[in-house]
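The values are calculated or read from the model by the stated rules, or taken from the named source; none is laboratory data. Small disclaimer: the values here were computed from a predicted structure and weren't measured. Neighbour counts are summed over all protein chains in view; Cβ atoms, including those assigned to glycine, are modelled from backbone coordinates with ideal geometry.
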Amino acid sequence: MDQEDQATQDEKRARRKRKIETVGYVIATAMAGVYCALFIRVALIGYLSRIAITAGIVFFASGFTWLAIGLTGKRALAKLLGGIWWGCAGIAMVVVLGGFVFWPQGPGPWRRYRFHAELAALEAERAVSDEDNAALRYDKILATVNPNDRPEFVFGGPNLRDKLTRRPWRREDYPQASDWLDSYAAVVAELLQIGQMEKCRWPIYAKYDCKWPVPYRNLSHAADLLTLTGNRHLGEGRLEEALTAYFSLLRQTDHMQQQTFILDFQCSYGAEEAALRMIRHILVHGDLSPEQVNYIAQRLPDAANNWQRDGQRLMDFEEYRFVNFLSRAYEINEQGKIRFTRSLPIRVEEEEDDADSTWLERFCPLGYLMTIPLDPQDLWPLAREEFTEMRRFLETGPLLPKDSYALGPPGMFSTAVIRGCCNPLRSRARDLALDKNAYARWGERYAENLARRRGTWLVLGMRRYRDQHGTWPMSLDQIAEQIPTDALLDPTRQERFVYRLREDGFTLYGTGINGIDEHGHWDGVKALDGHDDDIIIWPILIPEPPEPLSQEEEDEMFKQLAEIYGDRFQTGRRGDANDR
């Protein structure tokens, strides 16, 4: 009886053990399934190298085979396979980690790998002779300019600045400003000469931690000098000299737009707007012959939408910067040997040669081995794959959708988080080179600038019509044959510009990005409502300083705005009150 009881107890213990083992196999299989799903997701995102994919397939295939045999009840074989699996995994881990941590440094000093040959090839494609390169002449003359020389009697507040930069003026009205401008006579004369040159090549903006090759602040100062010079010539009746200054300013903006970064375009728009604004003034008020109108037409910027050409061209340089940033993961010695760097160089402002890595950073090569190719030249196919989506994204421009990632923080298993965990260096390079929101913002400015170009063409067509018929046209259809076909459409909405005749002339504007006709208003209560972004073509608006309001007048104004804009105005007003 005791033997029977003992046998029964042994059988119960065996069943419990089998049950526990079965539960363990089930839990292990579930956990392995979760990790396998994560592995597949990372692989689909494209953040695993061939080595990592091969190792993962072997790891999960052998592991699932072991667990499957265990679940079928063949425990002896499962234990044998499990021991082999764990032993091989442990040996592989020790070999890999030990190799990366204790492997000899190798002969000679190691330095960051860089794609210098590819950069030289890009520079060669866009190279021009020194005598034809306007950038060299800009650098020489602008080195003599102090961009901080902005005296109060010229730039003192928006009211004075607008009077000098947005309309003609005379020496006798602003003698101090005129004398200050005369002190730059040699600079302006050289800028006018540079304005006759077509090609401009500053060095390529090659990596995100390098200095800007384009002297933006000095060019902005030069643009102010040309604007003030043209406006003074115009105010004193020297039409030809004024046009020369404005066309030189347009040429400067074209020079900037020949460069290799979206910032080059963005920094050019203000100067282009200043030149086009005054050209429109001349077309409306100037005593021009038909030959002079035709001369202006020959020098105006293109009315066509060149977004595809410009955007795709900049992508070529972004692709190079992306690959060059990723090259920080590699090092090369004097013998040409290449290895993964033993640090985590993800800071943009990092120096060419970094300090010695910490003991923890010496594990970084293992992460690089799993997420990027062994050969840095294989980064180019990787970059082309990354940029395929971005190039397709730009095809819908210039008005692009905002990236959905900007709508809220990512989840734990979002693509952005997985990228950052797998390879922070590659994720950082992607954030810098493939910033959809940055290109969307640029696209909006691109469309607005194109609208001002087209609006200037419309004004030119209207001037031709008035010269022929003695009056402004009744509608824009009447000038369709006088201008490029593209000029009739507002690129921000792909609709006609708003045109209205008035007793003293006409009003011409586009409805802006929001597509709402605010009757030619811009920035009136934008801070409160988010609207008022009409693109004013004509008349040229020069805001006068507002008269201070009494408390009763202010309350009445707020009451009227609240009736127009409702709850959105009230929210904005509360924010303003809190700021005060």
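In region 111-156, which residues are surrounded by 15 or more Cβ atoms within 10 Å (Cβ to Cβ) and either in a loop (DSSP other than H, G, I, E, B) or on the phi > 0 side of the Ramachandran plot (or both)?
Across region 111-156, the qualifying residues are 113, 114, 115, 128, 133, 145, 147.
One line per residue, one yes/no per condition, for (1) at pLDDT 85 or above; (2) farther than 18 Å from residue 115 by Cα; (3) aliphatic (A, V, I, L, M); (4) not in a loop (DSSP other than H, G, I, E, B):
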residue	(1), (2), (3), (4)
342	no, yes, no, no
357	no, yes, no, no
369	no, yes, yes, yes
374	yes, no, yes, no
381	yes, no, no, yes
384	yes, no, no, yes
397	yes, yes, no, no
409	no, yes, no, no
412	no, yes, yes, no
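Please state which one of 453, 362 is at pLDDT 90 or above, over 25 Å from residue 206 (Cα atoms), surrounded by 15 or more Cβ atoms within 10 Å (Cβ to Cβ) and of a type in the set (Lys, Arg). Write out each step before concluding.
Working: 362 fails: at pLDDT 90 or above.
It is 453.
Just checking, does region 162-181 include any residue being more than 30 Å from the chain's Cα centre (by Cα) and closer than 30 Å to residue 204 by Cα?
Taking region 162-181 as the starting set, the residues that turn out to be more than 30 Å from the chain's Cα centre (by Cα) are 163-164, 167-181.
Going one step further and asking which of them are closer than 30 Å to residue 204 by Cα, we end up with none.
No, region 162-181 contains no residue that is more than 30 Å from the chain's Cα centre (by Cα) and closer than 30 Å to residue 204 by Cα.
Working only within region 33-75, note down all residues that are part of a helix (DSSP H, G or I), more than 23 Å from residue 388 (Cβ to Cβ) and β-branched (Val, Ile, Thr). Spell out how you get there, then give the answer.
Here is the first cut: in region 33-75, the residues part of a helix (DSSP H, G or I) are 33-45, 50-71, 75.
This time we only want the ones that are more than 23 Å from residue 388 (Cβ to Cβ), so: 33-39, 51, 54-71, 75.
Residues satisfying the conditions are 34, 51, 54, 57, 58, 65, 69.
Test residue 181 against the stated conditions and say whether it is surrounded by 14 or more Cβ atoms within 10 Å (Cβ to Cβ) and farther than 24 Å from residue 265 by Cβ.
Numbers: surrounded by 14 or more Cβ atoms within 10 Å (Cβ to Cβ): yes; farther than 24 Å from residue 265 by Cβ: yes.
Yes, satisfied.
Which one of 308, 292 is surrounded by fewer than 18 Cβ atoms within 10 Å (Cβ to Cβ), at pLDDT below 95 and farther than 30 Å from residue 370 by Cα?
Values: 292 fails: at pLDDT below 95.
Within the list 308, 292, the selection yields 308.
Scan region 311-339 for residues that are of a type in the set (Asp, Glu) and more than 16 Å from residue 122 (Cα to Cα) and jot them down.
Scanning region 311-339 gives 331, 334.
Say whether the condition of being in contact (Cβ under 8 Å) with a residue 24 or more places away in the chain, buried (at least 16 other Cβ atoms within 10 Å of the Cβ) and under 30 Å from residue 115 (Cα atoms) is met by at least one residue in region 185-201.
Yes: one or more hits.
Examine region 311-330 for a residue that is surrounded by 21 or more Cβ atoms within 10 Å (Cβ to Cβ) and not in a helix (DSSP H, G or I), and state whether such a residue exists.
Yes, some residue in region 311-330 is surrounded by 21 or more Cβ atoms within 10 Å (Cβ to Cβ) and not in a helix (DSSP H, G or I).
With respect to residue 60, is the statement that it is in contact with a helix residue (DSSP H, G or I) (Cβ under 8 Å, 6 or more places away or on another chain), crowded, with 17+ Cβ neighbours inside 10 Å and on the phi < 0 side of the Ramachandran plot true?
Details: in contact with a helix residue (DSSP H, G or I) (Cβ under 8 Å, 6 or more places away or on another chain): yes; crowded, with 17+ Cβ neighbours inside 10 Å: no; on the phi < 0 side of the Ramachandran plot: yes.
Answer is no for this residue.
Filtering region 206-252 down to residues that are of a type in the set (Phe, Trp, Tyr) and modelled with pLDDT of 95 or more, which residue is surrounded by the most Cβ atoms within 10 Å (Cβ to Cβ)?
This residue is 246.
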